[in-house]
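FYI, it's all coordinate maths here, none of it is from the lab. Everything numeric here is computed off the predicted structure, so don't read it as measured data. Cβ sites come from the backbone with ideal geometry, for glycine too, and all protein chains shown count toward neighbours.
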Amino acid sequence: MASRSALAGLLSRFALAGLANTACGFLVIALFDLGLGVGPHRANAAGYFVGLVLSFYLNRRFVFRADKPAVQAAPRFMIAAGCGFALNQAVLAAGLFLLGTGDMARLIAQGAGVATYSVTVFLLCRRWVFQDSASGAAESTDTVRPA
């Protein structure tokens, strides 16, 4: 089991990777929508795709420092992200059903959905996507591997 400080480092890196991928995705959305005029839905899809690719890279190399080849980890990461998104949508729907559709209720429901997505993806990445069953390298924080 990882120590508390190792887990704190892992969670900190996960949060930083999330912020970086969100900022990058949003910049792509703004560029495609406002700069290139491709329309909001296509711009959003492009931003989501770029964010997902960056998220995989950062989670593999920076957060979990995994040695698992990308061809093995990428399909699992896509499944993890899909599960996180599905649970996000379920929590959002439940929140809207239980809390109503007022502004504050929507924000609370969205926040619960985002938290559900983040926790789900973190746990799946840690225990399944990037786990190195032979050495437990997914929990190691002693060395920084090159990107």
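Summing Cβ point charges (Lys, Arg +1; Asp, Glu -1) relative to the Cα centre of the range 1-68 gives a dipole of roughly 320 debye. Just to verify a number: FRET efficiency for L31 and T101, C-beta to C-beta distance, R0 = 30 Å, to 0.05? So, using R0 = 30 Å, E works out to roughly 0.40. In order along the range 33-39, the phi-based Karplus estimate (6.51 cos²θ - 1.76 cosθ + 1.60, θ = phi - 60°) of 3J(HN,Hα) comes to 6, 7, x, 9, x, 7, x Hz; Gly and Pro are listed as x. Relative to the compact-globule estimate of 2.2 N^0.38 Å, the Cα radius of gyration of the range 1-102 comes out at 1.29. With helices as the sole contributors, the chain gives -23500 deg cm²/dmol at 222 nm; each DSSP H run of n ≥ 4 counts as -39500 (n - 2.57), and the sum is divided by every residue.
Take every Cα pair under 8 Å whose residues are at least 6 apart in sequence, average their separation, divide by the length of the chain, and the relative contact order is 28 percent.
Coupling constants for the range 103-111 follow from the phi torsions by the Karplus curve (6.51 cos²θ - 1.76 cosθ + 1.60, θ = phi - 60°), and in residue order they are 4, 5, 4, 5, 5, 5, 5, 4, x Hz; glycine and proline get x. Taking label positions 7 Å along the Cα-Cβ direction at both F49 and L7, the computed distance is 3.9 nm, reported to one decimal. With each label point set 7 Å from Cα along the Cα-Cβ vector, what nm distance links A20 and A90? Label-label distance for A20 and A90, simple model: 3.1 nm.
Coupling constants for the range 16-26 follow from the phi torsions by the Karplus curve (6.51 cos²θ - 1.76 cosθ + 1.60, θ = phi - 60°), and in residue order they are 4, 4, x, 5, 5, 5, 5, 5, 5, x, 5 Hz; glycine and proline get x.
A cut-off under 14 angstrom between Cβ atoms defines the neighbours of P75, and their net charge, with Lys, Arg +1 and Asp, Glu -1, is +3. Take the chain, connect every pair of alpha-carbon atoms lying under 10 Å apart with a spring to form a Gaussian network, then pick out the residue of G18, G113, G102 with the largest mean-square fluctuation. Most flexible of the set in this elastic network: G102. Basic side chains Lys and Arg get +1 at the Cβ, acidic Asp and Glu get -1 at the Cβ, and with that the dipole of the chain about its Cα centre reaches some 240 debye.
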